[in-house]
Amino acid sequence: MPKGTAFVAYSSSDRQLADLIFDSVRRANSKEIPIKYEPWEFNDIAGQPLISPIMARIEESAYVVADITFLNLNVVYEIGFSIGKAKRVFLVRNSKIAGDKSLANDVGIFDTLGYYEYADFGELTDRLVAHIDVRPITVDFALNRKAPVYVVEPPTRNAAVTISVSRIKKTGLKYRSYNPGEDPRLSASDAIRQVSCSSGIVSFLQTDSLDGAHVNNVRAMFVAGLADGMVKPNLILAPVGYTAPLDVRDTVKYFTDERDIRETIAEFAPDFVGYLTQSDEAKSAPQSLLASLTMGDPTAENEMTTLQAYYLKTDTYSRAVRGEVNLVVGRKGSGKTALFIQLRDKIRSDKRNIVVDLKPEGYQLLKLKEEMLIFLSRGAREHLLVAFWEYLILLEVAYKILEKDRNTYKHNHDVHDQYLDLQASYSAQEFAAEGDFSERLFLLSNVMTAKYKDRFGETVGNRLTNEHVTELLHMHDIRTLRDKISKYLEKKGSVWILFDNLDKGWSTQGVEVLDAVILRCLIDAGRRVEREMRRAGREFHCIVFVRNDVYDHVMKFSADYGKEMRATLDWSDHDLLREVIRLRLQSGLRVVGESVEFFELWKRVCVTLHGGEETSAYFIKHSLMRPRNLLKIFNHCKGFAVNLGHQIIEREDIEKGLRAYSQDLLSELDHELTDVLPIASNVIYQFIDSVSELSSVEIKVLLREANVEPEKVDEVVNFLMYYGIIGVKAQGQEFFIYDVAYNEQVLKMRAGREGDQAVFIINPAFWPALEVRESRVRL
C-alpha cells in the first residue's frame, strides 16, 4: 500500500450508513498502515466553497475510495473526476442495503468498473487495511480530430436536446454521442475513451419529472467529472429552476428558451475549437498493444469518419448502391445505419449527385399525432400524411440543391438563373429555410397542427378535401416547386433520398396505429415522388431504413405488403461475422499490405480458448448474430483486460465482459420488445434464477406469473423466439431464430410438433444477467 492519503467519498443521505463508513475509516486509520484515509467531511470547511478543498484533496491522494450504495450525484462526479486525474478509484457498496442498486444497473457504469461488497464496518475496515492495487485506468487517447465533440444524450430527447445538437452541427464541428436508444447502459471504459479523445463534452441535467432523468443525471455527472478531471472544455446544460449538484452548481449553464441554448453553444464553440487546434500533449506510453487498439464504435453514427476503412460490403450494400431497393430492413444492431452511412458516402463521392440524408425521429412528430391526426378519419390521415411526406421530400431536395450550389452558382451561367428562381420559390413566409432538418420538421408539423386547430378545433372524424390539405400543409406553390426542382436536375446526376431513425423515439407503450400509418405513408410518398421524377427523365431513388420487426408490424395489414423492393440485413454465417472483426483488427492493429488471416490477428489480442471453446466462436454464440453485439462483447472484455493491465484478453476478462454485456443486452432487448409488443414488457426478467431449459408448460406458467393474459401467452412465446431470447431444442439440437434463416415458422413448427413436451432453451447470452442455471442431462 502506498504512503500518503486516500480520499473517501460517500453519500450522507443515509446517516446510519455514513456513520458506518466513517467508523470504518477511523478504525482503519488506527491500524499501522502507511496510508491515511480522509473522509470528505474532513474537507467541509466553513467559509470555503465545498468543492474546492474536495477537488484539491482528490488530486493529492494516492487513490480514492468511493461508496456507491447510494448514487449521490456529487460522489458520482468525484468518481469521474478522480479517474480523469488518473487516480485509482476503489468502489465499495453495502451488500445489506438495496440503496440505488437498481438505478446503478440501469446506468451501467459501475458494474463495468467493478466494486467490493461489504456487510458491516468490520469487513469494510479489513478491506481498507488490506492491499489495494493503485494502478489507474488508462485515460490517454489521441484526439479524434474528425468528430471532436462528445454529446451525452438523455433517454428523453426533448426540444432542448434537438436544438443543442443542431447548434453544434452549425458550428461545423462533427460530434459523437452516447444514445440511450442504441445502448441502454453506458460502460465506464467507453465513457473514458470517448471523453479522452474529445475536445469538448456536452451533457444535460434534467428535472425529475422527465422519464429516465435519474439515470441520465448520473451518467451526465460521471462524464462531467471525467471531463473536468482531464481538463476538457465541458458544457453542462440544465433548465432554469433545476437545482444542480454542488460540485457543478457554479459551472452549469441554465436555459429558459431556444435563444439561451443558441447563445451558450456559440459561447462554448471557441473553447472546443481552441482545444482541438492545440497540439496533442505528450501521452503516456500505452500499457500494451491491446490498450492502444481501436476497433471502432458499436454505434455506427459515432464512426462516420472511420467506417470506410473497415466496412464489410455485403450483397445488400451492392443492391442498394445499384438502386435496386427502396427499403432496407434489419434487426437492431444488424448494421442498417452503417449501410446508410456507406451508401450515402459512396453516392455523394460523385459531385453531380444529390444525396439527401434524413434522420427524423418519432418524437418530432408527437404534436402532429396528439393534436391533429387522432381527430381525422382513416382516409383523411393517409391522404394528409402522404402529402406531408411528399411535400417534405421536395423541400429537402430543394434545400440540398441550394446548399450544394450556394458558392458556385454565381460563376456558373448554366444554373445561375435557375438557382435564383428555385431559391425564390423555396423561400416562404412562416417557413424556416435554414437550420437543421430536425428543426424544420418540428416547425412544419407544429405550423400544420396550429392551422388545423384554428380551422377544425377538436372535432373527431374530420374528412379532408384536396383544398383542405393544401390550406393546412403547403406554405409553397408545390407544383411550381416540383417543376423547378425537376428542371434544375437536368444539370445534375442522380438524386437519393435516404431515411433512417423514424422508429426511434416512438412511444415506450409500443408501435401505435398512428406510428404504423406514418411509416407506411412515408414509403408511399417516396414511391410517388420517384415515379413522378422518373417520368420526367430524372434518376431518383428513395430508400427507407427501418427495423424489420417494426416493418412487419406496420405492413402486415397493408394491401401492398411484400410489393416493395426490399433488402434484409440478416446474419447467420459465423465466418462473415469474423470478417467484420478481422477488418477492424487489421485496421486497428495497423497491419498494412495483404489481408491477414483472422486467427493470426485474433491471437494477438485474445486467448484462443475459453471453457474448451474457441473464443471468437464463443463471442459470436453470445452476440445473437448481430455485429453491434459482437463489438460490444469485445469492447467490454477489452475494457476489463486493459483496466487490469493484461497484455491480451484473458479468460477472467471474458467472464467479466460477458456479464457486463449480458446486463446491457437484457435491458436493450426488454426495450426492443416493449417497442413493438407492450404486453411483453419485463417478461424477460421472469426468467431470473431459472434453469436454462424449460418445458412448454413451465414457460407458460412463468409468463402467467408475469401477468400475461392466457390468450396472449402464445403470442409472447413467439416474440421471444423471434428475438432470439429463447430457442427450441429438438432431436438433441438447439435452434434459435438465426439458425433457421430467421424463419419464425420453422421454430413454431418444431415446437408445435412436441406440444406440451416441447423444450425451450434460454439463449446463453442472457444467462449471466438472469443468473440462469444450466440444465444438466441425467445419464
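The values are calculated or read from the model by the stated rules, or taken from the named source; none is laboratory data. Note that the structure is predicted; figures quoted are calculated from it, not measured. All Cβ positions, even for glycine, are placed from backbone atoms using ideal geometry, and neighbour counts span all protein chains on display. What goes into the accessible areas is simple: the full protein's heavy atoms, side chains included, and nothing from ligands, DNA or RNA. Shrake-Rupley method; radii C 1.70, N 1.55, O 1.52, S 1.80 Å.
Values as computed for the structure displayed
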quantity	calculated
Relative packing of 244-255, 588-599, which averages over residues the other C-beta atoms within 10 Å, highest first	244-255, 588-599
Net length gained if the chain between Ser494 and Glu754 were fully extended (0.36 nm per residue, minus Cα distance)	88.2 nm
The chain - accessible surface per residue (Å², probe 1.4 Å)	42
Greater than 22 Å apart at Cα, pairs in Lys332/Lys632; Lys621/Lys712; Lys336/Lys603; Lys85/Lys232; Lys174/Lys369	Lys621/Lys712; Lys336/Lys603; Lys174/Lys369
Summed residue charge, Cβ within 13 Å of Arg348's Cβ, Lys/Arg positive, Asp/Glu negative	+3
Pair Glu771, Lys36: separation of 7 Å Cα→Cβ label points (nm)	4.3
Rounded percent of accessible protein surface that carbon and sulfur make up, the chain, 1.4 Å probe	49
3J(HN,Hα) from dihedral phi, region 233-250, Karplus parametrisation 6.51/-1.76/1.60, rounded to Hz, x for glycine, proline	x, 9, 10, 10, 9, 8, x, 4, x, 7, 8, 6, x, 4, 4, 10, 4, 7
Relative contact order %, region 657-779, counting alpha carbon pairs below 8 Å whose residues are six or more apart	37
Whole-number percent relative contact order across region 709-779, with pairs defined as alpha carbons under 8 Å at least 6 apart	28
Computed lengthening from Asp573 to Glu382, 0.36 nm per intervening residue step minus Cα-Cα distance	64.7 nm
Exposure rank, largest accessible area first [Met304, Met749; 1.4 Å]	Met749, Met304
Mean separation of Cα contacts under 8 Å (6+ apart) over length of the chain, as relative contact order %	12
Nearest-10 value in Å² for the accessible area of Ser209, using the 1.4 Å probe	100
All Cα pairs of region 164-242, percent lying beyond 21 Å	28
Whole-number Å³ per residue for the convex hull built on Cα positions in region 241-343	252
Scattering profile of the chain at q = 0.06, 0.07, 0.08, 0.11 Å⁻¹ [log10 I(q)/I(0), Debye over alpha-carbon scatterers]	-0.41, -0.57, -0.74, -1.37
Estimated dipole of region 71-183 in Debye, rounded to 20 [Cβ of Lys and Arg +1, of Asp and Glu -1, Cα centre]	900
